[in-house]
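See below for the structure under consideration.
Since every read-out is calculated from the coordinates, none of them should be taken as a lab result. In this text the structure is predicted, and so the values were computed from the model without any measurement. Note that each Cβ is placed from the backbone with ideal geometry, even for glycine, and that neighbours are counted across all protein chains shown.
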Amino acid sequence: MKSLNGFKPLAMILPGLLLAMFIIGYPVLDLANTSLQEVSRFGQLRGFTGFDNFAEVFSDPLFWGSLKRTAIWTVTVVLGTLVISLPIAIILNDDFYGRGVARVIIMLPWAISLTMTAVVWRWALNGRAGLLNATLMDMGIMTEPIEWLAEAQLAFTVEMMIGILVSIPFTTTIFLGGLSSLPQDSYEASMVDGATRWDQFRYITLPLMKPFINIAIVLNVIYVFNSLPIIWVMTEGGPANGTDILVTYLYKLAFRFGQLGKASAISLIMFGVLLLFTVIYVVLVMRDEKDTAAGEDE
Amino acid sequence: MPSKLKKSLIYWAFLSPLVVVILFPFAVMLVTAVRPRDELFVYPPRWGFSEFRWDNFAEMWVKTNFGEALFNSLYVSVLSTVLALVLSIPAAYALSRYPFPGKGAYRTFLLMTQMMSPIVLVLGLFRLMVALGMVGNLNSLVLTYAAFNMAFTIWMLQSYFSTIPRDLEEAAWIDGASHLNSLIRIFLPLAVPAMAVTAIFSFINGWNEFVLALTMIRSSDDFTLPVQIYSQVAGRYQVEWHHVMAGTVLATVPVAIVFSWLQKYLIRGMALGAVK
Amino acid sequence: MASVKIRNVEKNYGSLRVIHGVSIDVEDHEFVVLVGPSGCGKSTLLRMIAGLETISGGDIMIGDKVVNDIAPRDRDIAMVFQNYALYPHMSIFDNMGFSLKLRKRPRSEIEEKVMEAADILNLKPYLERSPGQLSGGQRQRVAMGRALVRDARVFLFDEPLSNLDAKLRVVMRTEIKALHQRLQTTSVYVTHDQIEAMTMADRIVVMNAGRVEQVGAPLELYDSPANLFVAGFLGSPSMNFIKGRFRRAGDGAHVLCDDGTVLPVPATSGATDDQQVVAGIRPEHLRLAGEGAGVAATVDVVEPTGANIELFVELAGERVCAVFRERHPFRPGEKIALGWELDKIHLFDASSGHRI
């Protein structure tokens with residue numbers, strides 16, 4: 001009976017585990033294998049070449065450019081998202097007229113695929129007829145339409161702002177979950193203790209939200225680092241690779257230029273970076289769970 | 001209470017820039033979708049237009065093969081959701097109810113796969129589907145979506161399952177129900193809302209996915225909606241923007257409505273520990 | 001220190017009125033306990049004194065100042081919460097010193113005051129721990145310490161002992177009382193436990209359904225409850241009530257129950273002849289009557305508590321409790337006779353519930 005009890009839960013998790021291991025595990029091994037071989041455009045492996053593919057990647061200025069932009073993209077979007085989302089979550093957690101409507105509107109970008117969002121923005125930013133130009137000209141902010149996506153620096157900036165916009169709902173959701181778990185009586189006690197609203201934010205909200213902020217940072221870093229559709233749909237990394245980040249560059253190498261060995265090498269490098277972020281995340285989550293468990297023991 | 005009114009005004013003033021930026025693309029989408037074709041490119045650009053051209057939707061439906069893409073998206077989203085749920089429900093139940101060897105390792109594995117993005121593995125996934133002879137086959141998407149969604153669905157489900165009191169099942173056992181019986185009669189009915197919510201989020205994930213669909217699907221007959229709409233825009237000299245926007249309206253508005261209705265459950269699920 | 005005056009205070013939630021014009025005066029240095037069943041409005045009233053709830057009508061004064069529109073932080077009060085409300089992310093030291101830190105007091109003063117409070121409450125070994133690492137009783141002490149550090153003008157206690165186990169509750173009860181005797185800080189203490197109210201209070205305010213039923217010193221309330229509610233609420237086991245009609249007969253008087261039982265009562269009572277009354281007698285005032293005297297009763301259940309025997313009998317068709325110090329060998333079904341001193345009986349008007 002005892003051995004059966006141990007077996008039953010294993011049997012319950014096994015089918016899903018097998019599928020996940022197969023669909024996620026096989027590609028990782030295949031990429032590792034491919035990255036060490038010479039590969040034809042059509043995917044035939046032509047024998048081991050050691051770390052030639054990696055060497056090629058590291059001597060490629062486009063890789064370094066993409067890497068730099070990936071860093072800028074990730075840091076800007078994540079920081080921008082956090083700075084905007086925390087006050088928004090605090091507002092949405094409070095009771096005010098129209099809160100339900102506000103919540104729905106703030107969460108809307110999450111409901112829509114990044115692809116669609118990017119397609120719509122690509123049209124809205126159209127240099128000749130785009131409605132953003134129309135709006136800004138109607139408001140008298142400018143007299144001539146602007147080609148938003150024709151110049152790399154401007155296009156990249158716009159893309160980062162859209163990146164922030166679409167990351168806000170998820171981040172706000174994490175913060176709302178966090179805020180709703182904060183002990184209400186701590187706020188009452190602090191009112192009696194003489195805290196102003198600012199004191200409450202500084203000494204209670206912020207420290208107690210720290211685990212949620214940490215998790216929001218790590219998750220957003222992972223998502224933003226991996227985000228392809230916005231840049232791909234709006235500029236395809238152009239003009240002249242000026243908005244390429246690692247994922248778009250990787251996609252081009254693999255499916256446009258057929259440089260499969262090099263693409264595999266970049267995939268593996270990214271996988272490594274991602275793994276590092278993930279380990280940070282897992283450690284954060286586990287630590288958090290341990291704290292909660294310790295608290296519940298009482 | 002006047003102080004609440006004052007607070008509300010301040011809050012809305014603070015939120016309004018963001019609200020405008022969020023609603024802006026929706027306005028762009030709607031206004032373009034019903035605009036006559038020859039008023040797309042006018043100088044200077046303007047919001048106004050002469051008449052509502054509802055025919056754009058019908059034209060777009062025929063010209064862009066929208067119906068087929070809609071069907072493909074439904075097919076992939078529904079099947080991947082069913083597959084993910086069928087595999088996740090027992091796993092989530094096991095996680096929330098039983099101790100078992102390797103539980104900690106399994107939870108870590110789930111957290112890690114939750115973080116794995118298809119884009120990093122896209123080349124390997126493509127080669128896997130080549131090896132399986134499934135490139136160009138919608139079922140390749142069903143398999144990959146289900147696999148990548150499972151971490152999320154298991155987390156969501158187990159956090160809800162943990163809130164269903166164990167006593168209820170134990171009471172059923174004492175009342176003479178078998179484990180299976182109590183599972184079917186007591187547990188599952190209580191878990192239906194959780195499963196429905198999780199299913200809808202999994203569906204939306206599949207509905208919105210782009211990179212894998214772009215990679216695996218070769219023939220335009222098999223395009224899902226995001227890829228189909230993207231293909232109307234990418235690499236074309238002449239983009240029929242009114243059709244593209246009509247397509248995005250049809251593809252996004254229903255999902256946005258369902259999502260708005262359900263977002264509070266997502267917040268709850270996260271508060272319960274899908275993220276924590 | 002300061003007095004607290006509550007003048008015709010009302011509280012409405014929308015159209016629902018939960019507190020109906022309550023007035024209470026708490027003198028300087030006094031320890032007043034608000035007691036009543038759950039939902040009687042006692043906690044709401046306390047939170048209104050603290051400023052955590054708005055006041056719908058009337059005034060609350062601390063010292064000579066109306067505080068209705070003053071934020072809690074400016075009222076100079078300290079409060080011990082039911083769930084302690086310790087800041088989970090701060091050490092015990094920081095929890096206790098938080099209010100002083102907010103007031104920008106120098107570090108040395110904070111340390112001195114926290115140490116002093118920790119000394120009084122035996123918390124010195126725990127100052128660097130976090131609240132999660134303490135037991136319930138220790139957390140309760142920290143909550144007290146946080147209030148002590150303040151030198152506040154008024155202490156407010158919101159059912160501070162209700163989350164402790166029975167034994168610890170008795171210990172802490174005594175400690176709080178000793179602390180008050182030493183510090184003499186004006187205190188308002190809310191509880192649903194009448195024993196806490198009886199043992200700790202200088203004066204008790206009995207509340208029910210948003211109204212004050214009676215105010216007075218504990219024994220005053222115990223000995224002459226103003227109405228049936230107070231009579232039944234204070235005392236454990238609670239007072240026995242028997243319905244009947246008041247009758248005068250010659251020099252004496254009695255209550256005639258529906259089943260014909262005659263209960264002797266004092267003739268000095270102000271009740272009128274044939275008035276519908278409720279006679280109340282506390283269990284400890286019942287005693288075994290001698291042969292041929294007293295009122296007949298049938299033993300139902302016997303519950304020895306060790307110190308006492310609690311006896312439940314059927315008397316005049318009602319279940320009546322009697323408490324004996326002596327260990328009589330009662331048996332269920334046994335017929336006995338019970339008597340009482342006439343002046344120990346309370347008479348209440350049956351319709352209004354008021355004491356006669």
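Summed over qualifying helices (DSSP H, 4 residues or more, each -39500 (n - 2.57)) and divided by its residue number, the protein assembly as shown shows a 222 nm mean residue ellipticity of -18000 deg cm²/dmol. In order along segment B:161-175, the Karplus-derived 3J(HN,Hα) couplings, from 6.51 cos²θ - 1.76 cosθ + 1.60 at θ = phi - 60°, round to 4, 5, 7, 7, x, 4, 3, 4, 5, 5, 4, 5, 4, 5, 6 Hz, and Gly and Pro are given as x.
Ranked by how many other Cβ atoms sit within 10 Å of their own Cβ, fewest first, the residues A:246, A:36, B:5 fall in the order B:5, A:36, A:246.
Taking Cβ atoms as reference points and 13 Å as the exclusive limit, the residues near residue C:174 contribute a net charge of +3, counting Lys and Arg as +1 and Asp and Glu as -1. The relative contact order of chain B, computed from alpha carbon pairs under 8 Å that lie at least 6 residues apart in sequence, is 32 percent. By the Kirkwood approach, averaging reciprocal distances over each pair of separate Cα atoms, chain B gets a hydrodynamic radius of 21.9 Å.
Residues of segment C:321-356 with an amide N closer than 18 Å to a point placed 7 Å from the Cα of residue C:276 along the Cα-to-Cβ direction: C:347-356.
Suppose every Lys and Arg Cβ carries +1 and every Asp and Glu Cβ carries -1, with no other charges. What dipole size does segment B:87-188 come out with about its Cα centre, to the nearest 20 debye? Walk me through the intermediate numbers first.
Values: 6 positive and 4 negative charges, 68 e Å.
Here segment B:87-188 has a charge dipole of around 320 debye.
Projecting the Cα atoms of C:268, C:52, C:38 onto the charge dipole of chain C (Cβ charges, centred on the Cα centre) puts C:52 farthest toward the positive pole. Each of A:83, A:93, A:121 was placed along the dipole of segment A:52-290 (beta-carbon charges, centred on the mean Cα), and the one lying farthest toward the positive end is A:121. Under a 10 Å cutoff between Cα atoms, tell me which one of A:30, A:185, A:60 has the largest fluctuation in the Gaussian network model of chain A. So, out of A:30, A:185, A:60, the one fluctuating most is A:185. Once the C-beta distance of residue A:59 and residue C:1 is scaled by a Förster radius of 56 Å, the resulting FRET efficiency is 0.10 to the nearest 0.05.
Calculated FRET efficiency, residue B:220 and residue B:4, Cβ-Cβ r, R0 45 Å, to nearest 0.05?
On the way: r = 55 Å, r/R0 = 1.22.
The formula returns an efficiency of 0.25 here.
Close amide H pairs (under 5 Å, H built 1.01 Å from N) link residue C:286 with C:323, residues at least 5 positions away or on another chain. Using only alpha carbons, segment B:119-276 has a radius of gyration to Kirkwood radius ratio (Rg to Rh) of 1.10. Taking a ≥ b ≥ c as the square roots of the eigenvalues of the Cα gyration tensor, segment B:191-258 is oblate, since a/c reaches 1.5 or more and a/b is not larger than b/c.
The Cα atoms of chain A give a gyration tensor whose axes a ≥ b ≥ c have a/c of 1.5 or more with a/b no greater than b/c, which makes the shape oblate. Spin-label pair residue B:108-residue C:236: with each label point 7 Å from Cα along the Cα-Cβ axis, the two points sit 5.1 nm from one another.
Note on C:47-53: average number of Cβ atoms from other chains within 10 Å of each residue's Cβ is 2.
Bridgeable lysines around residue C:167 (alpha carbons under 30 Å apart, same-chain partners fewer than 8 residues away excluded): C:42, C:113, C:124, C:177. Within the listed set C:135, C:162, C:99, the Gaussian network model of chain C (springs between alpha-carbon atoms below 10 Å) gives the highest mean-square fluctuation for C:135.
With +1 on each Lys and Arg Cβ and -1 on each Asp and Glu Cβ, how big is the dipole of segment A:156-298 about its Cα centre, in debye rounded to the nearest 20? It would help to have the intermediate numbers written out before the result.
Values: 8 positive and 13 negative charges, 181 e Å.
Result for segment A:156-298 is approximately 860 debye, rounded to the nearest 20.
Volume per residue for the protein assembly as shown equals 248 cubic angstrom (convex hull of Cα atoms). What the Cα atoms of chain C give is an Rg and a Dmax of 24.5, 79 Å. Quotient of the Cα radius of gyration of segment A:211-284 and 2.2 N^0.38 Å, N being its number of residues: 1.25.
Overall dimensions of segment C:1-51, expressed as equivalent-ellipsoid semi-axes from the Cα gyration tensor (√(5λ), whole Å, largest first), are 21, 12, 9. Taking every alpha-carbon pair in segment C:240-349 and binning the separations at 10 Å intervals from zero gives 15, 48, 28, 9, 0 percent. For the protein assembly as shown, a crude dipole built from +1 on the beta carbon of Lys and Arg and -1 on the beta carbon of Asp and Glu, taken about the Cα centre, is about 1620 debye to the nearest 20.
Note on C:65, C:11, A:8, C:5: ascending count of other Cβ atoms within 10 Å places them as C:65, A:8, C:5, C:11, the fewest first. Label zone of residue B:31 (point 7 Å out along Cα→Cβ, amide N under 19 Å): in segment A:130-158 this covers A:130-149. Working from the Cα coordinates of segment A:73-173, the gyration tensor eigenvalues give, after taking √(5λ), semi-axes of 28, 17, 13 Å in decreasing order. The label point for residue A:128 and the one for residue C:68, both projected 7 Å from the Cα toward the Cβ, are 6.9 nm apart. Here r is the Cβ-Cβ distance between residue A:283 and residue A:196 and R0 is 45 Å; the resulting FRET efficiency, rounded to 0.05, is 0.80. Placing a pseudo-label 7 Å from each Cα along the Cα-to-Cβ vector at residue A:7 and residue C:287 gives an inter-label distance of 7.6 nm.
Projecting the Cα atoms of B:150, B:215, B:66 onto the charge dipole of segment B:65-274 (Cβ charges, centred on the Cα centre) puts B:150 farthest toward the positive pole.
Where the centroid of each part is defined by its Cα atoms, how far is segment A:30-103 from segment B:24-81 in Å? The distance from the Cα centre of segment A:30-103 to that of segment B:24-81 comes to 31 Å. Using a Cα-Cα cut-off of under 18 Å, which lysines could be cross-linked to residue B:103, ignoring same-chain neighbours fewer than 8 residues away? Counting by Cα, and skipping residues close in sequence, residue B:103 has these lysines nearby: A:2, A:8, A:290, B:276.
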